[in-house]
1. Report, in cubic angstrom per residue, the convex hull volume of the C-alpha atoms of region 278-349.
2. Starting with the fewest neighbours, write out Glu50, Glu223 ranked by other beta-carbon atoms found within 10 Å of each beta-carbon.
3. Considering amide H positions built from the backbone, and no H for Pro or chain starts, which residues 5 or more places from Asp137, or on another chain, come under 5 Å of its amide H?
4. Whole angstrom only: what separates the Cα centroid of region 188-224 from the Cα centroid of region 121-175?
5. Counting only residues 5 or more places away or on other chains, whose amide H sits under 5 Å from the amide H of Thr181 once H atoms are built in the peptide plane?
6. Lysines within cross-link reach of Lys287: Cα-Cα under 29 Å, excluding same-chain residues under 8 positions apart?
7. Of the beta bridges DSSP finds with both residues in the chain, what % are antiparallel, to the nearest 5?
8. Exposure proxy check: Arg335, Arg205, Arg25, Arg43 ranked by fewest other beta carbons within 10 Å?
Amino acid sequence: MSATTVASMPPKKVNRIGLDVSVYRGGKSTLCAGCGHNAITERIIEAFYEMGVNPTQVIKMSGIGCSSKAPAYFLKPSHGFNAVHGRMPSVATGAVLANLQLLAIGVSGDGDTASIGIGQFVHLMRRNLPLIYIIEDNGCYGLTKGQFSATADLGSKQKTGAINELPPIDTCTLAIQLGATFVARSFSGDKKQLGGILKAAIAHRGTSMLDVISPCVTFNDHEGSTKSYNYMKQHDEPLHEIDFVPFFENIEVDYDPGETQDVQMHDGSHLRLRKLDHSYDATDPQKALQVIEESRQENEVLTGILYINPASKTLPDILRMVDEPLALLSQDRVRPGPAVLEEIMEELR
Ligand SMILES: Cc1ncc(C[n+]2csc(CCOP(=O)(O)OP(=O)(O)O)c2C)c(N)n1
Ligand code: SF4
Ligand SMILES: [Mg+2]
């Protein structure tokens, strides 16, 4: 390429930390073409780029499943750990507590979370560990050929023709009941809404639980499935349109003051919820449980930020941890000296 051609090339668009979006990409996806999980990967790449997150300060984690392969396809420069099926929460807990300076994102599946991993999920939701926890929810075990997971709707049909006769677990309801501080539901094909929710989750201090309906085009996108593209298109009821305004960008948004609710995030940024057809207070957990149940009874999937509590203590707050990574603390700060040990021994005598 000649010097003149290089000089005439337009400069690459960069974010607030000077990185272009390609830095936020990962390896080429090996998932099926059209899989909802790929669309979620794209939104994650955009959200981290637009928020100007330093990818070398991120740790991405997952369990096992097609969904759990997703971290390989975004944020190549980040740290990563692919854990055992359903056991990502305990690995994430260790990693986050060992280094509070990392931004942690975990990607799981509905099988990984609501079936084999339900025990770990339950305890994660009550601890408010700083972690973005995404369930890529297709109502089936995509990787092992489409068996029903615990989020499959009652009466939904498998590709084989089998009908699900067990009631589903609603992970958003469960998370709110357990004390989670940021609970949202979205659809992999809803670019704008999912992008806004992801940016809000990045700014939230505590666990952000996102249940993203993500059709499996191979095993769960047929007539009779309630997690298919067609079903979701007909039954998706957005709670409110979401515009997230990062604190480092001065973006004017068009909103109607009478119908807008501002939520101040822990880092000082603002989340604006614009209601479409009914007023909704995302800070009221009882209301959240009620609207989820009402929409379930109406056979509708309610999407948006269902519940948010930006003021709760996080697990590191409760444990009174120091901000510096534990691994970098000097010996004299982590090892009690002889006098302290003597004092403890004295108490036990
Ligand atoms: C301990 C253990 N049990 C079972 C399996 C087999 N297995 C692999 S992935 C999977 C289910 C994945 O479903 P989900 O989490 O919904 O991910 P998806 O593939 O649908 O994205 C199962 C049962 C395993 N890998 N390890
Ligand atoms: S089997 Fe389903 S979940 Fe797995 S990659 Fe293919 S479409 Fe996605
Ligand atoms: Mg699944």
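1. 188
2. Glu223, Glu50
3. Val212, Ile213, Ser214
4. Region 188-224 and region 121-175 have Cα centres spaced 13 Å from each other.
5. Thr207
6. Correct list for Lys287: Lys191, Lys192, Lys199, Lys227, Lys233, Lys275, Lys313.
7. Counting DSSP beta bridges with both partners in the chain, the antiparallel share is about 40 percent.
8. Arg335, Arg25, Arg205, Arg43
All of the numbers you see were taken from the coordinates with simple rules; none came from a lab. Source: prediction; values computed, not measured. Note: ideal-geometry Cβ built from the backbone for every residue, glycine included; neighbour counts use all protein chains shown.
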